[in-house]
Amino acid sequence: MSTIDLPDGEYIAVVDSIEDGLATVFFEHDDDEVGDAVMDASILPEDGRHADAILSVTVVDGIIDETHYDSEKTETRSEAAQNRFDRLSRRPPSKDES
């Protein structure tokens, strides 16, 4: 278990990175980022131990009590980010490029 400075409740956790057994995780509530933490990656579900994994977590008394990997949200968010990148990369040609 890992201690975190968040009120009791349910959160969406986004794994930013995992290095040397430590996971950097950002927490969201109602689509707002509400905190982050560096924690032992072993407390994350095995299938959620990768960058950009989306987890549902429950915090009780400052402890991450439950974690569940959400493969569907992970895939949806990844596709949305790729679509945004693709749209941005298709900028109209400049006058010099025409």
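Here are a few things to note about the model shown:
- Net charge over other residues, Cβ less than 15 angstrom from the Cβ of D20 (K, R count +1; D, E count -1): -2
- Solvent-accessible area of D40 with every protein chain in place, 1.4 Å probe, in Å² to the nearest 10: 80
- Potential lengthening between V34 and S56 on full extension [0.36 nm per residue; Cα-Cα distance subtracted]: 6.5 nm
- Point-to-point label distance, T3-K73, nm (Cα→Cβ direction, 7 Å offset): 2.6
- Within the shell defined by Cβ-Cβ distances under 13 Å, the residues around D5 carry a net charge of -3, with Lys and Arg each +1 and Asp and Glu each -1.
- Area accessible to solvent at R77, 1.4 Å probe radius, in Å²: 100
- Translational diffusion coefficient (Stokes-Einstein; Kirkwood radius from C-alpha pairs) of segment 1-83 at 20 °C, 1.002 mPa s, in µm²/s: 170
The values are calculated or read from the model by the stated rules, or taken from the named source; none is laboratory data. The structure presented is a predicted model; accordingly, all values stated were derived computationally and were not measured. Because the Cβ atoms are built from the backbone with ideal geometry, glycine has one as well, and the counts that use them run over all protein chains shown. Side chains included, ligands, DNA and RNA excluded: accessible areas come from the protein's heavy atoms. Shrake-Rupley method; radii C 1.70, N 1.55, O 1.52, S 1.80 Å.
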